[in-house]
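Notes for the one structure printed next.
The values are calculated or read from the model by the stated rules, or taken from the named source; none is laboratory data. Computed from a predicted structure; not experimentally measured. Every residue, glycine as well, gets a Cβ built from its backbone with ideal geometry; the counts of neighbours run over all protein chains shown.
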């Protein structure tokens, strides 16, 4: 596990900050010295976390740990198998709340009110139809230059008076003279965002994690070691950076060298360029 840590360029302090495990515990795990650890279950948890962060096979590392612990504790040591979760059947009892009963009452009142309103509308419509039958209205229709009177039959007892001729109404505007107005749809213009340039120059070997934001989407662009004397270049709208040794990296933003992020040699939290 020590070789895996060194291959990632992590110092013990950097590994402790990433795994949240004390440096002394990491040294004991790397030396296979489990005598000072509080218990087997606690030790297995620490080893599993450390192996996962190093990208190693957790099962193979834990099997090796079990072999070492069983040799130290003797044949009485048994690795407990994982406990499977057994789902329990849960029975729910439905209770009718007073709020639901009140909702039912409101719905019933609204239903009765709707029926009453519909009955009133139907009755008023019937009265209006009966009234129109008793008092018919004489209508006229213009056909060319003559007026033809329409009325109810003579048996209804209504006298029809001839109407005066009405001149035909000319069309005020020809259909061909009506201009067709087309609605123009707004053009969706995307705002162009200028990409910023970022270069990382390694004064000495350093592990770097870099996330780049483009068009509102952030992706992991680089997560590796930059050897001493080499430079890595990137483009984007914004950059999120984590460094194992902040003093080892010169940050060159838009061709301007701002020097190291800090003089610290402790792994940094993620910081952003440009600053929010």
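A compact table of results
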{"quantity": "Exclusive hit being within 25 Å of the chain's Cα centre (by Cα), under 22 Å from residue 12 (Cα atoms) and surrounded by 12 or more Cβ atoms within 10 Å (Cβ to Cβ), set 241, 273, 226", "calculated": "241"}
{"quantity": "Residue in the stretch 208-219 that is more than 24 Å from residue 18 (Cβ to Cβ), surrounded by 15 or more Cβ atoms within 10 Å (Cβ to Cβ) and modelled with pLDDT under 95 present", "calculated": "no"}
{"quantity": "Tally of residues being on the phi < 0 side of the Ramachandran plot and not in a strand (DSSP E or B) across the stretch 221-276", "calculated": "22"}
{"quantity": "Scope the stretch 1-39; condition assigned to a loop (DSSP other than H, G, I, E, B) and closer than 15 Å to residue 269 by Cα; matching residues", "calculated": "10, 20"}
